[in-house]
Amino acid sequence: MGTNEKVKCLIIGSGPAGYTAAIYASRANLNPVLYTGMQMGGQLTTTTEIDNFPGYPKGITGNAMMEDLKVQSERFGADVRFGLVTDVDFSQQTKLVTIDGDKQIEADSVIIATGATARYLGLESEEKYKGMGVSACATCDGFFYRNKDVAVVGGGDTACEEATYLAGLCNKVYLIVRKDFLRASKAMQDRVFKTENIEVMFKHNTKELFGENGVEGATLIKNMGEEGEEELDIKIDGFFLAIGHTPNSEVFKKYIDTDKEGFIITKDKSSHTNVAGVFAAGDIMDPTYRQAITSAGSGCKAAIDAERYLLSIK
Ligand code: NDP
């Protein structure tokens, strides 16, 4: 194991929550060290244009925004490093965090902002068309499909919400549901069924996407029970995944309380976890809103909570 280094505030994750925490923590003289994780910049680097973050009237790409946030945090002295947290020991007041399986850091406070990863179906064509018609965020990318036909996969609240949102922009929305029912709340289901340009396709699975320069359609398989299966093609320009997110909390679970899905539980309206000195911000603790702006806001809260905690243990 590499030499120990001692820091006041260690931030894990480089999405809007992590960088915002770094901006606030560095301005509060906590000399934060931030480890980016494998996907530097987080989920926003997989989207294209961000038009709903206040302060960018002309929009900004996900990559440019994350680079701006990084530079802004470094301007105040945050030490941003590429590396993955592979183990933690939160059993003592001084927290031990292992990076890349070999370097160990001692931290007085830790802010977990490791985010969540959108689930994909695992199709080869899905990978091929990522950013070219395949998206896991209707709020981010829906705008590019105005007056076009799109499909949303999933039967939960997210899928229904995204289908309804897209229906307001697009010509037609197919909602592809693998079972013969929606698991979304009744209110959300009602909205879907009342929206004329949403066609719910129960008992359908996606076999593959096709198209020359981006998505032009999807081949679906209809499950007809005892009568077997039937293949059909739909013409679409956009394919939206809404089959859930996996929170990146595995490495912390030995010490940190999560809900049954793995999202970290924070106390009341704060960023405090069940372990004093360990805070959580962004999608790792928010299964509901999951927006860049809400993540950034919670990163700010975590830095303020960490600062107050550090004062309290002096
Ligand atoms: P959910 O886990 O609730 O739903 C996931 C959906 O995706 C299910 O319908 C599931 O199907 C389907 N699915 C999963 N894997 C596949 C697959 N391989 N192929 C096809 N379909 C698949 O996730 P959500 O993101 O919708 O919601 C997460 C949580 O956030 C929930 O608690 C939800 O209530 C909450 N939420 C609340 C909102 C609100 O209140 N405004 C908005 C959004 C989310 P199946 O049913 O067959 O398992």
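Read the figures in this text as sums done on the coordinates, not as results from a lab. Since this is a predicted model, take the numbers as computed values, not measurements. All Cβ positions, glycine included, derive from the backbone under ideal geometry; neighbour counts span all protein chains shown.
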Karplus-derived 3J(HN,Hα), 6.51/-1.76/1.60, for each residue of segment 137-148, Hz, glycine and proline x: 8, 5, 4, 6, 10, x, 3, 6, 10, 4, 6, 10
Shape call, the chain: gyration tensor on alpha carbons, a/c limit 1.5: prolate
In order through segment 78-95: 3J(HN,Hα) via Karplus (6.51 cos²θ - 1.76 cosθ + 1.60), integer Hz, x for Gly, Pro: 5, 9, 8, 10, 7, x, 10, 6, 10, 7, 9, 9, 9, 7, 10, 4, 7, 8
C-alpha long axis of helix 157-167 to longest principal axis of the chain, angle in °: 60
DSSP-defined antiparallel bridges as percent of all bridges, segment 120-241, nearest 5: 45
Amide H contacts under 5 Å for residue 99, placed H, 5+ residues apart: 86, 104, 105
Highest to lowest packing among 7-15, 151-159, scored as the average C-beta count within 10 Å: 7-15, 151-159
Burial order of peptide ranges 134-144, 251-261, 110-120 (average beta-carbon count within 10 Å, highest first): 110-120, 134-144, 251-261
For residue 152, residues with placed amide H under 5 Å, excluding near neighbours: 174, 175, 176, 240
Filter on 260/301; 128/207; 267/301; 6/103; 58/301; 8/103 - keep pairs with C-alpha separation over 20 Å: 260/301; 58/301
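What order do you get for 176-187, 226-237 when each peptide is scored by the mean count of other beta carbon atoms within 10 Å, highest first?
176-187, 226-237
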Tail weight of P(r) past 19 Å, computed on alpha-carbon pairs of segment 171-275, percent: 61
Under the Karplus curve 6.51 cos²θ - 1.76 cosθ + 1.60, θ = phi - 60°, whole-Hz ³J(HN,Hα) for segment 234-245, x wherever Gly or Pro sits: 10, 8, 9, 9, x, 10, 10, 8, 9, 10, x, 10
Viscosity 1.306 mPa s, temperature 10 °C, Stokes-Einstein D of segment 26-176 from Kirkwood C-alpha radius, µm²/s: 87
Sparse-neighbour loop sites [trypsin sites (Lys or Arg not before Pro); segment 14-86; at most 11 other C-beta within 10 Å; DSSP]: 58
Set of lysines with alpha-carbon distance to residue 148 below 16 Å, sequence-local pairs under 8 removed: 172, 235
Per residue, the convex hull volume that the Cα atoms of segment 120-241 enclose (Å³): 96
